[in-house]
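Since every read-out is calculated from the coordinates, none of them should be taken as a lab result. None of these values were measured; they are calculated from a predicted model. Here the Cβ positions follow ideal geometry from the backbone for every residue, glycine too, while neighbour counts run over all protein chains shown.
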Amino acid sequence: MPTELAYQTDPFRWEFDAEIIEKTTLPDGRSGVVLPKTFFYPTGGGQEHDTGTLGDALVTDVLIDDAGTVVHVVDRDIMATTVHAKIDGGRRLAFMQHHSGQHLLSQAIVEALKLDTVSANINIDNPSTIDLETPLDLDVTPAENLANQILYCDLAIKSYFVDQAQIHTVSLRRPPKVSGQIRIVEIDGFDYSACGGTHCARTGMIGIVKVLRTERRAERLRIHFVCGERALKYFQSYQNIVTTVARQFDTGAEGIVQAVEKQKASTISMQKELEELRELKLILQAQQLVAQAENLESIKLITAAFRNRSPQDLRALAGQLQNEPSVVALLASYDGNKLSLVVSSADTHIRANDLIRKILAEIGGRGGGDAKLAQGGGAASEAQFAALFAKTKEYLV
Ligand SMILES: [Zn+2]
């Protein structure tokens, strides 16, 4: 038997006495109760269900079946046949503000941007969304401004039923998805929607309609927006962020953009200077290594073991050493588990790629490159790292 959907005629009744006429167990094991009439909104039409209490039991979900029967899912069995029901009014008001705000914004988009809403989602924990079918990344500010202008007019939001045969007399924004008696929600002369949801009594109650961002989703443009108290919370959190950032820059909110641009320019200049200093450091380090090189007949052998230097850094150092005549350099770094090795050779008789393969074979590592420069690595123990260059001279013969 269909439940009387009393929230449609009195969406502000958030407490009532309820008579339980049926108790059920849902296929997933949850307990449900049926009332002859209810002010609890069941999930549907892009709006989530109400929550609240029936006596001591928490109402965790509200469903409506194809026959129009509303099942209130409760967290415990209810023994009494009559209970006092309470709806979470804060949650309901947030849904009403966002649902009404969606109608208002969708019609404002039709008027300001000539685009229809193809789907909408009413959320309160995250921003609500409206999807438009357009390949363009439009500026929706004109629609946002118009929605709020209409909101300030504090128009009445009313609902009434129209028979399907007469529905053509109503200038609906979108065609109805249901048949028979169709419920119309009208923002006084501005918007007509076929909708079964809960809405504010007047547009002023929506508080504000604020678009947070737009998002491209293939051929659609998704608009994320907030209304009422949620919009206030967003404003407060954004203000908090802005104030904190402004304080860091020792300026006011209006000075942030300039301060960030200045900081960015300064960072770029420092990065450039840092790169020059790094290069200089490598040159000096290379000179130091050459000075300490071991003279072996025709070559100068350099073996250097570092800790926690990146393979790129070793390669850059090897690059400096490549310019030194007769130098064969073996540069290693170890991070406690993994060993990196770079070999450079300025001697035509010693091929860097052959040499690195022989050395890394000791630890089961791998490497490759050409005759002048090779790199590689592998897992190694502290002892293997310490003994890495022990046999180097044998390989050079
Ligand atoms: Zn609606």
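Neighbour counts of C-beta atoms inside 10 Å place Cys153, Cys227 in the sequence Cys153, Cys227, starting with the fewest. Excluding same-chain neighbours fewer than eight residues apart, the lysines reachable from Lys393 by a Cα-Cα span under 17 Å are Lys300, Lys358.
Taking other Cβ atoms within 10 Å as a rough exposure proxy, Met1, Met205 sort from fewest to most as Met1, Met205.
Build a GNM of the chain with springs between Cα atoms under 10 Å apart, and of Leu330, Leu58, Leu232 the one that fluctuates most is Leu330.
Compactness of the chain, taken as the C-alpha radius of gyration over 2.2 N^0.38 Å, stands at 1.69.
Reducing the stretch 170-203 and the stretch 11-88 to their Cα centroids gives an inter-centroid distance of 25 Å.
Of the trypsin sites (Lys or Arg not before Pro) found in the stretch 65-121, the ones in coil according to DSSP and having at most 15 other Cβ atoms within 10 Å of their Cβ are Arg76, Lys114. Relative protection proxy for 310-316, 162-168, from highest mean packing down: 310-316, 162-168 (other beta-carbon atoms within 10 angstrom). In the elastic network of the chain, a GNM with C-alpha springs shorter than 10 Å, the most mobile of Gln149, Gln322, Gln107 is Gln322. Taking a straight line from the alpha carbon of Lys233, these lysines sit under 24 Å away, with near neighbours fewer than eight places off in the same chain left out: Lys210. For the stretch 297-361 and the stretch 223-275, compute the distance between their C-alpha centroids and round to whole Å. Value for the Cα centre distance between the two parts: 46 Å.
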